[in-house]
Ligand code: DC
């Protein structure tokens, strides 16, 4: 089985690039951020604070998160309900970042994430895939971009959905999430030592896809 790890901060284009490359190569795309988001959503619904490790540990015993592939996309289910769209709000982004700092949450998701790579060729995107989840991945890529470039893209994405957003507010949110994700004690966001770093600040989506495909081809020959 071939495993490709793509890590990097929020908004660097990981999910678009990973999805597109997975389609081109016929691999399965696994979006691990969606799993943290689903736990963030479950906490919100249960009225549990995203930092309350004890209550979250209890909550995790009673929920079921699963992944299904249909319409060419990964769908994430919380107790059978497809929450793939519901988890894409700014509120859930922040909750996901907070719950992801808890060891109990990371341990809960680790086996689920690893199980995909056991029986499929995968491209897995996240923050700690190359460092913790799949340390023996065949190819490791760290996809990054400046906070400003990422904030601009996010504002454009929201505009496409008809939502207005203030660039400075989005930038502040991105910087806060970067800080949370890279300063937590457990599995912080960082490039693996053997990762290839690709900066997408000044290149478009297609060029990002090309660079990732070339990096993978070099890595698996
Ligand atoms: O990639 P994303 O924005 O959907 O991820 C949401 C949050 O989940 C992110 O702020 C950090 C966390 N996360 C993580 O800690 N480890 C991963 N492998 C993926 C996401």
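The values are calculated or read from the model by the stated rules, or taken from the named source; none is laboratory data. These numbers were taken from a predicted model, which means no experiment stands behind them. Neighbour counts are summed over all protein chains in view; Cβ atoms, including those assigned to glycine, are modelled from backbone coordinates with ideal geometry.
Residue 112 fails exactly one of the following numbered conditions: (1) farther than 23 Å from residue 51 by Cβ; (2) within 12 Å of the ligand (Cβ to nearest atom); (3) touching a strand residue (DSSP E or B) at 6+ places or on another chain (Cβ under 9 Å); (4) modelled with pLDDT under 95. What is the number of that condition?
In the conditions (1) farther than 23 Å from residue 51 by Cβ; (2) within 12 Å of the ligand (Cβ to nearest atom); (3) touching a strand residue (DSSP E or B) at 6+ places or on another chain (Cβ under 9 Å); (4) modelled with pLDDT under 95, residue 112 misses (1) alone.
Restricting attention to the range 101-122, report how many residues are part of a helix (DSSP H, G or I), within 15 Å of the chain's Cα centre (by Cα) and within 15 Å of residue 181 (Cα to Cα).
So the answer is 2.
Residues checked against (1) crowded, with 20+ Cβ neighbours inside 10 Å; (2) in contact (Cβ under 8 Å) with a residue 12 or more places away in the chain; (3) in contact with a strand residue (DSSP E or B) (Cβ under 6 Å, 6 or more places away or on another chain):
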site: 28; (1), (2), (3): no, yes, yes
site: 41; (1), (2), (3): yes, yes, no
site: 47; (1), (2), (3): no, no, no
site: 51; (1), (2), (3): no, yes, no
site: 56; (1), (2), (3): yes, yes, no
site: 94; (1), (2), (3): no, yes, no
site: 97; (1), (2), (3): yes, yes, no
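Kindly indicate whether residue 127 is modelled with pLDDT under 95 and in contact with a helix residue (DSSP H, G or I) (Cβ under 6 Å, 6 or more places away or on another chain). Quick ask: steps written out before the conclusion?
Values: modelled with pLDDT under 95: yes; in contact with a helix residue (DSSP H, G or I) (Cβ under 6 Å, 6 or more places away or on another chain): yes.
Yes: the conditions hold for residue 127.
Of the residues 186, 141, 197, which is crowded, with 16+ Cβ neighbours inside 10 Å and within 28 Å of residue 106 (Cα to Cα)?
On the way: 186 fails: crowded, with 16+ Cβ neighbours inside 10 Å; 197 fails: crowded, with 16+ Cβ neighbours inside 10 Å.
Only one candidate passes the filter, namely 141.
What's the number of the only condition in (1) closer than 12 Å to residue 122 by Cα; (2) touching a strand residue (DSSP E or B) at 6+ places or on another chain (Cβ under 6 Å); (3) surrounded by fewer than 22 Cβ atoms within 10 Å (Cβ to Cβ) that residue 4 fails to meet?
For residue 4, the failing item is (3).
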